[in-house]
Structure formats: structure tokens, C-alpha cells
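Beneath this line is the structure, given in C-alpha cells, with notes to follow.
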Amino acid sequence: QVRLAESGGGLVQAGGSLRLSCAASGRTFNPYAVGWFRQAPGQERELVAAISWSGRSPYYADSVKGRFTISRDNAKNPVYLQMNSLEPEDTAVYYCAARYGTTKAEVHDYDYWGQGTQVTVSS
């Protein structure tokens, strides 16, 4: 059983930055892929970034390319989401999720989820 916990959310002005962290307990992330999803009010949960166990070839949604960076440290725990040049449209609850194997884009492909952390970007 993998238990995930996100941290680092908050309120920031447009153009600002935040770094989200996703920590695993119960066991390590080995050898799990990790995705960061977000869900805004009234919208479906969407994948914004994902990283494989190896850390190679991370995935980014078009809406965040060039602004967000997903990374994991040498010990593979935690996984970070660095968010720069934030826009009001980035306001959402951000969730990290893990799955055994390769990265996937769909919510149902992930087995473990954190409780989420709120990110609010003011204009």
C-alpha cells in the first residue's frame, strides 16, 4: 500500500511560483510512475505532468509546457512539481498519483492518490 501526501499549495499572484511536493509513506515510490493531476471546480480531473521511475522523458500537458517542471530526487522520494509563471487558469486542487509501471494519462490508470492541495492564483 502506497500512501501519498501533497504539500506546498497556497495563494500566489499571477506570475508567481510554487513548488508542490508529493511524499510516499508505507513504501517508497520504487518502481512507480507518478503523475500530478489538477481539478478545477466544475471540471474534470486532468493530468498536467507525469514522470517515470527512471525520470526520463517526463510528460507535460500543453497548457503547462515551459512553465511547470516535474522531478524526483535521487532517492526517488518525494516527487516535485515546480510551477512558474502561474496564471489564474492554474487555480485548482492538485493531486499526486502513483501507478506501478509506465506513465499514463488517465485518472483510472493510477492506483494511489493523495488528498490534494489547493493552488489559487490571483489576477
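The values are calculated or read from the model by the stated rules, or taken from the named source; none is laboratory data. Treat the numbers as computed from the prediction; the structure is a model and nothing was measured. Positions of Cβ are backbone-derived with ideal geometry, glycine not excepted, and every protein chain shown enters the neighbour counts. Remember, those area values only see protein heavy atoms, side chains included, never the ligands or the DNA or RNA. Shrake-Rupley method; radii C 1.70, N 1.55, O 1.52, S 1.80 Å.
Hey, if you put +1 on the Cβ of every Lys and Arg and -1 on every Asp and Glu Cβ in the stretch 64-123, which of 86, 96, 120 ends up farthest toward the positive end of that dipole?
Farthest along the dipole direction, towards plus: 96.
Roughly speaking, to the nearest percent, how much of the chain's 1.4 Å accessible area is carbon and sulfur?
On the way: 2790 of 6270 Å².
Answer for the chain is 44 percent, counting heavy atoms of protein chains only.
What order, most packed first, do the peptides 80-90, 31-41 have when packing is the mean number of other Cβ atoms within 10 Å of each residue?
Ranking the peptides 80-90, 31-41 by packing returns 31-41, 80-90.
Once you keep just the Cα pairs under 8 angstrom separated by 6 or more residues, what percentage relative contact order results for the stretch 19-123? The partial results should precede the final answer.
On the way: 219 pairs, mean separation 33.0, N = 105.
After rounding, I find 31 percent.
Per residue of the stretch 58-70, what does 6.51 cos²θ - 1.76 cosθ + 1.60 with θ = phi - 60° give for ³J(HN,Hα)? Whole Hz please, x for Gly and Pro, Karplus curve as stated.
Those phi angles translate into x, 9, 9, 5, 4, 5, 10, 4, x, 10, 10, 9, 9 Hz.
Beta carbons within 10 angstrom, averaged per residue: use that to sort the peptides 91-104, 47-60, highest first.
Highest-to-lowest ranking by the protection proxy: 91-104, 47-60.
Hey, any idea what Rg/Rh is for the chain, computing Rh the Kirkwood way over Cα pairs? Mind showing how you got there, number by number?
Details: Rg = 13.3 Å, Rh = 14.1 Å.
That ratio is 0.94, to two decimals.
What number comes out for accessible area per residue over the stretch 53-123 if the probe is 1.4 Å? Units Å², please.
I get 54 Å² per residue for this part.
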